[in-house]
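Reviewing the structure listed below.
The values are calculated or read from the model by the stated rules, or taken from the named source; none is laboratory data. All values reported here derive from a predicted model rather than from experimental measurement. Note: ideal-geometry Cβ built from the backbone for every residue, glycine included; neighbour counts use all protein chains shown. With ligands, DNA and RNA removed, areas are computed over all heavy atoms of the protein, side chains included. Shrake-Rupley method; radii C 1.70, N 1.55, O 1.52, S 1.80 Å.
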Amino acid sequence: MSQVVRYELRDGIGVITVDNPPVNALGRDVRAGLVEGLRQGLADAGAQALVVTGAGRTFPAGADIREFGQPPQEPGLPSVIDEYEQSDKLIVAAIHGTALGGGLEVALGCDYRVAAPTAKVGLPEVKLGILPGAGGTQRLPRLIGAQAALDMIVSGNHVPAAKAKELGIIDEIIEGDLVEGAIAYAKKLVAAKAPRRPIRDMQVKLDNPNLFEEFEASIAKRQRGFLAPFHCIKAVKAATELPIEQGLKRERELFQELVTSPQSKAQRHVFFAEREVAKVPGLAKDVAKREIKTAAVIGAGTMGGGIAMNFANAGIPVYVLEVKQEALDKGLAVVRRNYENSAKRGRLTMEQVEQRMSLIRPTLSYDDFKDVDLVIEAVFENMDIKKQIFAKLDEVCKPGAILASNTSTLSIDEIASATKRPQDVIGMHFFSPANVMKLLENVRGEKTSDEVIATVMDLSKRIGKVGVLVGNCYGFVGNRMLHQRGAEAVALVNEGASPAQVDKVLTDFGFPMGQFAMSDLAGIDVGYRIREERRKAGEDVPASWLDKLAEQGRLGQKTSAGVYKYEAGSRTPIPDPEVDRLIEEFRKEQGITPRQVSDQEILERCLYVMVNEGAKILEEGIAKRSLEVDIVWIYGYGFPVYRGGPMFWADQVGLKTILDAVKGYQEKLGGEQWKPAALLERLVSEGKGFGSL
Ligand code: NAD
């Protein structure tokens, strides 16, 4: 008998147990073992019926993802499940933990399913850019109807046992010992002469003849650009139109299309990268972490309020400090409004709103900071103010408190120099809106201790963020690359493109919004102020038509006019002929004769410039691994998940293609941003990609 699946006879019932820690993944040995266990059970005259279950913490929780992209190894999961479905003896699946993907598909090959109250089931394949390829799309609709199956398969969401019972996936919830309960259940079925119940013999329930069209329309916006959700719909539709064998064949074809697609490769990359970023290279696993039981935020503006919400959501009490009562009241009112809006949408109860608000403690006094474990400063982006605040924190905070800054661009080392404890200072760069965006760029200063890094990386997860550790430089990883893309977008408009053309190229690529729509959201005054500061400091910052917008009070969405205009209360950007005139005027002033700019050139210049900068970031060690750059862009800036992030995407395009183009633009346009990164040149000469680093 196989090492990872065992068979035993218990009380007249044959029990097949998968024992392949940690999650009983359905690798080749498990599949072979499942077949062997089944055959043994069928041959065992003492077994009146069979139970299949998982040892340890879960029923099989899915395929063995390491086998993806490898040549298929027999027996394939579909044939294993067929054999279960066509067995002569009745089979009960006993589910605990998470029966996901292939795990649930195995359970669907059985006649009956029982589960522990805490179990969850689901078909999350869509999240990896594929679809359930072992009959899930054909059997689930036959079991629970097309609508409910679509909801589960297209969302990929887990369904808790109670809900699964309501839907008809689970026949009985077992309190107490699961396997004993399952054996008793099987015996009851045998005693009642219950028939075998292969799902393949069931008819799909389809109440609404327009279901598929309507469903597709309902996800069109949210899933724009993704292939897998739409293939999932096609597969479920096939279940309503074709006999099971043909339906299974159709499912296989659709699965094959997805599994070999660049999208699914990209989505699998993101899946692994998201887990990988939490492990910091060079940081010992056993480094001590500090306990964070209380926190504080300084500044209750756009960022401060949202940052505080993350802590309250995680049940961590958090002070919020401002200099003036008025600013404090205003900031807290915004937080309350956010929570109340969530309550209106049914995401929170009013009781939860009050409970979270009670964890957010407004204050005007640093005296309250004496005992806090962590402080995050989120005041104006001004070095002098930040240094004053850190000097104050150094005075009032207890030894060992972590002192963090949410700065977007300023040097963490310089901020740390205002304290006598630079080892406790770190950047925690949240993205706007801070209570929503999942990225947290944690910026390590030169002297930040390993203990502080480990604590903050851990805390990131606790407050629901994806923490990425980066080094200290202007704009860190995300904004440094964004800065290059922004400058290129402006240059393209100077040369003849319209803002709307540039933005359309970016949204067609898959970004949720273009560069200029994003500027309007962030506020045109933000960039303007930075440019003005740099000019005052004597830097040669070229004139920009964006300055003219700011000077006219066109500050973006908040004034209903920026690069675009906005109808009252709407966030939809509308191109504005007035802005076209202003740009035209600017070109004249600068002596520029506009030309036709192709979409291809826009795409290359906006994205290749980022890839080149990303390579420089890697070369300098600001990010240690290309997957960190990818995760920053996916969770901080809406880079399309199905393209895997800028560096993964670059590998798919081919680094030689990118390098040649970068050199071409260097010749044509000049500028530091088009100087090819040494790393890019090296990788091309070695025939390697960023993924090899
Ligand atoms: P904001 O102007 O909305 O808020 C700043 C708040 O700090 C104001 O409420 C102000 O009253 C308060 N403040 C100023 N000086 C203070 C002091 N000495 N003590 C206490 N409170 C003080 O600014 P914001 O957009 O929230 O930005 C805050 C920080 O976050 C900046 O460093 C910024 O670079 C960074 N950041 C901003 C964004 C963004 O998209 N807005 C994103 C990431 C990071």
Select from the range 31-82 the residues that are polar (S, T, N, Q), in contact (Cβ under 8 Å) with a residue 40 or more places away in the chain and surrounded by 15 or more Cβ atoms within 10 Å (Cβ to Cβ) and list them in ascending order. Gln48, Thr53, Thr58
Take the range 427-473 and flag every residue that is outside any loop (DSSP other than H, G, I, E, B), out of contact with any His (no Cβ under 9 Å at 6 or more places or on another chain), more than 14 Å from Arg290 (Cα to Cα) and of a type outside the set (Lys, Arg). Gly427, Met428, His429, Phe430, Val466, Gly467, Val468, Leu469
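In this structure, does Val335 turn out to be within 16 Å of the ligand (Cβ to nearest atom), in a helix (DSSP H, G or I), under 23 Å from His429 (Cα atoms) and within 28 Å of the chain's Cα centre (by Cα)?
Values: within 16 Å of the ligand (Cβ to nearest atom): yes; in a helix (DSSP H, G or I): yes; under 23 Å from His429 (Cα atoms): yes; within 28 Å of the chain's Cα centre (by Cα): yes.
When the stated conditions are applied, Val335 passes them.
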Can you tell me which residue among Gln501, Gln484 is surrounded by fewer than 21 Cβ atoms within 10 Å (Cβ to Cβ) and not in a loop (DSSP other than H, G, I, E, B)? Gln501
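Tally time: how many residues in the range 319-332 are farther than 18 Å from Thr407 by Cα and either within 26 Å of the chain's Cα centre (by Cα) or within 8 Å of the ligand (Cβ to nearest atom) (or both)? Please lay out each step first, then the result.
Pass one, the range 319-332, residues farther than 18 Å from Thr407 by Cα: 319, 323-332.
In the following step, the residues that additionally are either within 26 Å of the chain's Cα centre (by Cα) or within 8 Å of the ligand (Cβ to nearest atom) (or both) were identified as 323-324, 327, 330-331.
Qualifying residue count, the range 319-332: 5.
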Answer yes if at least one residue in the range 346-366 is in a loop (DSSP other than H, G, I, E, B), within 11 Å of the ligand (Cβ to nearest atom) and under 23 Å from Arg529 (Cα atoms), and no otherwise. no
Just checking, does the range 447-467 include any residue being of a type in the set (Lys, Arg), more than 16 Å from the ligand (Cβ to nearest atom) and over 23 Å from the mean Cα position of the chain (by Cα)? yes
Unique residue being touching a Gly at 6+ places or on another chain (Cβ under 9 Å), in contact (Cβ under 8 Å) with a residue 40 or more places away in the chain and either at negative phi or surrounded by fewer than 17 Cβ atoms within 10 Å (Cβ to Cβ) (or both) when the list is Lys127, Lys165: Lys127
Give the range 418-433 a look and list any residue that's open to solvent by 50 Å² or more (accessible area, probe 1.4 Å) and away from the ligand (no atom under 15 Å from the Cβ), or say none. Lys420, Gln423
Could you identify the single residue in Gln138, Gln147 that is open to solvent by less than 30 Å² (accessible area, probe 1.4 Å), modelled with pLDDT of 95 or more and not in a loop (DSSP other than H, G, I, E, B)? Gln138
Of the residues in the range 398-417, those that are in a loop (DSSP other than H, G, I, E, B), open to solvent by 10 Å² or more (accessible area, probe 1.4 Å) and away from the ligand (no atom under 13 Å from the Cβ) come to Lys398, Pro399, Gly400, Ser417
Answer yes if at least one residue in the range 651-672 is touching a Lys or Arg at 6+ places or on another chain (Cβ under 8 Å), within 27 Å of Pro542 (Cα to Cα) and not hydrophobic (A, V, I, L, M, F, W, C), and no otherwise. yes
A careful count of residues in the range 650-681 that are part of a helix (DSSP H, G or I), open to solvent by less than 40 Å² (accessible area, probe 1.4 Å) and closer than 26 Å to Ser261 by Cα gives 6
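Look through Val436, Val452 and report the one residue that is surrounded by fewer than 17 Cβ atoms within 10 Å (Cβ to Cβ), touching a helix residue (DSSP H, G or I) at 6+ places or on another chain (Cβ under 9 Å) and not hydroxyl-bearing (Ser, Thr, Tyr).
Val436
State whether one or more residues within the range 539-549 are without any contact (Cβ under 8 Å) to a residue 24 or more places away in the chain, of a type in the set (Gly, Ala, Ser) and open to solvent by 10 Å² or more (accessible area, probe 1.4 Å).
no
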Please go through the range 205-244 and pick out each residue that is over 25 Å from the mean Cα position of the chain (by Cα), assigned to a loop (DSSP other than H, G, I, E, B) and within 29 Å of Ser79 (Cα to Cα). Lys205, Leu206, Leu242, Pro243
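Identify, please: which residue in the range 284-302 is within 16 Å of the ligand (Cβ to nearest atom) and of a type in the set (Gly, Ala, Ser) and is, among those, modelled with the lowest pLDDT?
Gly301
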What are the pairs with Cβ atoms under 7 angstrom where one residue, in the range 334-353, is farther than 18 Å from Ile307 by Cα and the other, located anywhere, is surrounded by fewer than 14 Cβ atoms within 10 Å (Cβ to Cβ)? Sequence gap at least six, or different chains. Ala343/Thr349; Ala343/Met350
Within the range 367-385, count every residue that is in a loop (DSSP other than H, G, I, E, B), more than 10 Å from the ligand (Cβ to nearest atom) and not charged (D, E, K, R). 1
Residues of the range 506-540 being farther than 25 Å from Pro640 by Cβ, more than 12 Å from the ligand (Cβ to nearest atom) and not small (Gly, Ala, Ser), which ones? Ile524, Tyr528, Arg531, Glu532, Glu533, Arg534, Arg535, Lys536, Glu539, Asp540
Strands (runs of 3 or more DSSP E) lying entirely in the range 1-100 (those with 1 or more residues that are aliphatic (A, V, I, L, M) and in contact with a Gly (Cβ under 6 Å, 6 or more places away or on another chain)): 5-10, 13-18, 49-54, 98-100
Among the residues of the range 245-256, are any within 30 Å of Ser79 (Cβ to Cβ) and small (Gly, Ala, Ser)? yes
